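Values quoted throughout were computed directly from the atomic coordinates according to the rules given, and no laboratory measurement underlies them. What you see is a predicted model; the values in this text were computed from it and never measured. Quick reminder, even Gly has a Cβ in these numbers, built from the backbone with ideal geometry, and neighbours come from all protein chains shown.
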Amino acid sequence: MSQQIALAFVAAFVGLLAAAALSDARTMRIPNRISLLLVAAFLPFAPLAGLELAQIGLHLGIGIAVLAGTFALFALGLIGGGDAKLIAAAAVWFGASDVGGFLFATAMAGGVLTLAIVALRAVPMPAAAGAWPWLARLRSKEVGVPYGIAIAAGAFVALPQSVAWRLATGA
């Protein structure tokens, strides 16, 4: 596969995660189409990048396993449904060899994000910030943490060490 096509797929991966993070920050929702597009973009990328059918199946299996785990967290009320789907869709791109690094980076980013939101909620909001409804929503103690931001950050940190990056760049 030409390196430009491979990099275009990786750029789509990055762009979709950025869109998910932005949507979650602004609305506390991650559209299902973003998670579906992440998986859909992986499907042509994988064989064109040289992954064999068994490897593609393993990547998809990792996504299903992560979805099962995150669905359990969703059922317990610990994460949102959009977060569960987004983590699983991103995990498909990392596969067995790199999913641990992605999940670890996501957890660390989630911790930093949560602490930042707790700190944001502890300080008075400037009057000028009232024009930004998304900021008022983030400050509300009744609203959770837009974990899509942490998922995207975790993916961005883990991506340069991933098999998808190595396939796309020839590294």
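Which length gain, in nm to one decimal place, applies between Leu36 and Leu120 when the Cα-Cα distance is subtracted from 0.36 nm times their residue separation? Write down the numbers at each step before the final one.
Working: separation 84, 0.36 × 84 = 30.24 nm, distance 3.24 nm.
Roughly 27.0 nm would be gained on extension.
Describe numerically, in nm with one decimal, the distance between label points set 7 Å from Cα along Cα→Cβ at Gln4 and at Thr27.
3.4
Can you give the angle from 0 to 90° between the axis of helix 53-75 and the longest principal axis of the chain, with both taken from C-alpha atoms, to the nearest 10?
20
For the stretch 37-49, what does the Karplus curve 6.51 cos²θ - 1.76 cosθ + 1.60, with θ = phi - 60°, yield as ³J(HN,Hα) per residue in whole Hz, taken in order and with x for Gly and Pro?
5, 4, 5, 4, 5, 5, 4, x, 4, 4, x, 5, 7
Under 8 Å for C-alpha pairs, at least 6 residues apart: give me the relative contact order for the stretch 3-169, rounded to a whole percent.
Values: 210 pairs, mean separation 56.1, N = 167.
It comes to 34 percent, rounded to a whole number.
Quick one: dipole size for the chain, taken about the Cα centre, charges +1 on Lys/Arg Cβ and -1 on Asp/Glu Cβ, in debye to the nearest 20.
Working: 9 positive and 5 negative charges, 100 e Å.
Roughly 480 debye, rounded to the nearest 20.
Between 0 and 90 degrees, rounded to the nearest ten: what's the tilt of helix 148-158 against the longest Cα principal axis of the chain?
That works out to roughly 40 degrees.
Taking Cα atoms, how many degrees apart are the long axis of helix 81-122 and the longest axis of the chain, rounded to 10 and kept between 0 and 90?
10
Calculate, in nm to one decimal, what Lys141 and Val112 gain on full extension: separation in residues at 0.36 nm each, minus their alpha carbon distance.
Between Lys141 and Val112, full extension yields an extra 8.7 nm.
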